[in-house]
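What follows is a set of notes on a single structure, which appears directly below.
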Amino acid sequence: MGCDIVAIGTNHNLPVDDPVATATRLIPFANSTISIGYYKYFEYDAAKNAIVDTSFEWCEQTRINCDCGGTPAQFSIEGYNEREIAQALMGALDHIGLPKFLSKDDFENPETFCIYEFESKRFDLRIFKENVDFDISFAGRWFQFVDKFRQPYEGENRELLFDFRLHIFKQMKACGCDTALYFPDQGDGEYIFDEINLPSKTLLDKIRRGVYSTDSDQLTTFNVADYIQGNIVLPEKSDVLCFIDTFSDLRLSEKIRN
């Protein structure tokens, strides 16, 4: 089984307390109307005096960017269904039947993996309190990606990496992130993703200290800027846990153009 690439942005400045304002920042990625709402997993059955499972149903609350055609992108507010039920029942959950393996607290204070999930034909994003799980565009998987950094930054190799990074950079700018991290979705990379809800500074500090690495021969981090500037190429037999990308070259190019 192969490993896929995970790309996350740290320290975003999205207004996550306001779903409409957050979704509005993502309009450039939609190229369509954006439907803001939630997936309905549960509902209250008065006849049974119980909360029951329902079909996987999209419930729209509002739309933005309505002048644009095409299939609407979906901006999902995670945990909304559970909180809506708890609020509607006004503290009566102690006297109502609940689905198996769920408690009153699961409805009043649902633990969600992310805050929002954005799905469109062009981009998929998952938004956390301080970090963003980015959409990936790369013709290959993790080990093919790593191999690109063992080769000089020129020719086809330069083109492939530039296109990959530009796709990420567009998301970085829209979300206001300062750094991107690339790591595998299996092996030690899973430990990083399991803690994606940590504050950005804490997560990056743990990565740099090698907290997530179980291989003493593995490079903990590899700085993409060093590679782009021609200062270093990844040794042939070396593996790496996480690439750190600040996009200093692309930011400089923007300043020069402006």
Under the classification rounded if a/c is under 1.5, otherwise prolate if a/b is larger than b/c and oblate if not, where does region 56-98 fall, given a ≥ b ≥ c as square roots of the Cα gyration tensor eigenvalues? prolate
On Cα atoms only, tilt of 155-175 relative to the major axis of the chain in degrees: 40 degrees
If I take every Cα pair under 8 Å that is 6 or more residues apart in region 1-151, average their sequence separation and divide by the length, what percent do I get for the relative contact order? 29 percent
With a ≥ b ≥ c taken as the square roots of the eigenvalues of the C-alpha gyration tensor of region 52-127, please select rounded if a/c is under 1.5 and otherwise prolate if a/b is larger than b/c or oblate if it is not? prolate
Taking 0.36 nm per intervening residue step and subtracting the Cα-Cα distance, what contour gain separates Glu60 from Asn223 on full extension? 54.5 nm
With each label point set 7 Å from Cα along the Cα-Cβ vector, what nm distance links Ile232 and Asp194? 2.8 nm
Tilt of helix 248-257 relative to the longest C-alpha principal axis of the chain, in degrees (0 to 90, nearest 10)? 90 degrees
Antiparallel as a % of all DSSP beta bridges within region 122-253, to the nearest 5? 55 percent
Percent RCO, i.e. relative contact order, over region 72-215, from Cα pairs under 8 Å lying at least 6 residues apart: 19 percent
Under a GNM of the chain (C-alpha, springs under 10 Å), which listed residue has the highest mean-square fluctuation: Leu234, Leu14, Leu98? Leu98
Distance (nanometres) between label positions extended 7 Å along Cα→Cβ at Leu89 and Val52: 1.4 nm
Once you list every other residue whose beta carbon is under 13 Å from the beta carbon of Arg158, what net charge do they have if Lys and Arg are +1 and Asp and Glu are -1? -3
Rolling a 1.4 angstrom probe over the protein chains, ignoring ligands and nucleic acids, what is the accessible area of His95 in square angstrom, nearest 10? 140 Å²
Find the relative contact order for the chain and round it to a whole percent, using C-alpha pairs within less than 8 Å whose residues are 6+ positions apart. 23 percent
How much length is gained on full extension from Asn157 to Lys40, taking 0.36 nm per residue of separation minus their Cα-Cα distance? 37.6 nm
Taking H as built 1.01 Å from N, whose amide H comes closer than 5 Å to the amide H of Thr179, not counting residues under 5 places away? Thr10
Under the Karplus relation with 6.51, -1.76 and 1.60 and θ = phi - 60°, whole-Hz ³J(HN,Hα) for region 91-102, x at Gly and Pro, equal x, 8, 4, 5, 10, 10, x, 10, x, 4, 6, 10
Go through region 75-82 residue by residue and turn each phi into a ³J(HN,Hα) via Karplus (6.51, -1.76, 1.60, θ = phi - 60°); whole Hz please, and just put x for glycine and proline. 10, 9, 8, 6, x, 5, 4, 5
Note the count of lysine pairs whose C-alpha atoms are less than 16 angstrom apart in the chain, limited to pairs 8 or more residues apart or on different chains. 6
Simple spin-label estimate for Asp17/Arg150, 7 Å along Cα→Cβ, in nm, reads 5.0 nm
Cα gyration tensor of the chain, axes a ≥ b ≥ c as square roots of the eigenvalues: rounded (a/c below 1.5), prolate (a/b > b/c) or oblate? prolate
Using a Förster distance of 25 angstrom, determine the FRET efficiency expected from the C-beta separation of Thr214 and Arg141, and round it to 0.05. 0.75
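Kirkwood hydrodynamic radius, computed over distinct alpha-carbon pairs, for region 136-258: how many Å, to one decimal? Walk me through the intermediate numbers first.
Values: mean 1/r = 0.0655 Å⁻¹.
Computed over region 136-258, the radius equals 15.3 Å.
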Among the GluC sites (Glu not before Pro) in region 85-189, which ones are in a DSSP loop with at most 13 other Cβ atoms within 10 Å of the Cβ? Mind listing them? Glu111, Glu154
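The values are calculated or read from the model by the stated rules, or taken from the named source; none is laboratory data. None of these values were measured; they are calculated from a predicted model. Please note: Cβ atoms are built from the backbone with ideal geometry, for glycine as well, and neighbour counts cover all protein chains shown. With ligands, DNA and RNA removed, areas are computed over all heavy atoms of the protein, side chains included. Shrake-Rupley method; radii C 1.70, N 1.55, O 1.52, S 1.80 Å.
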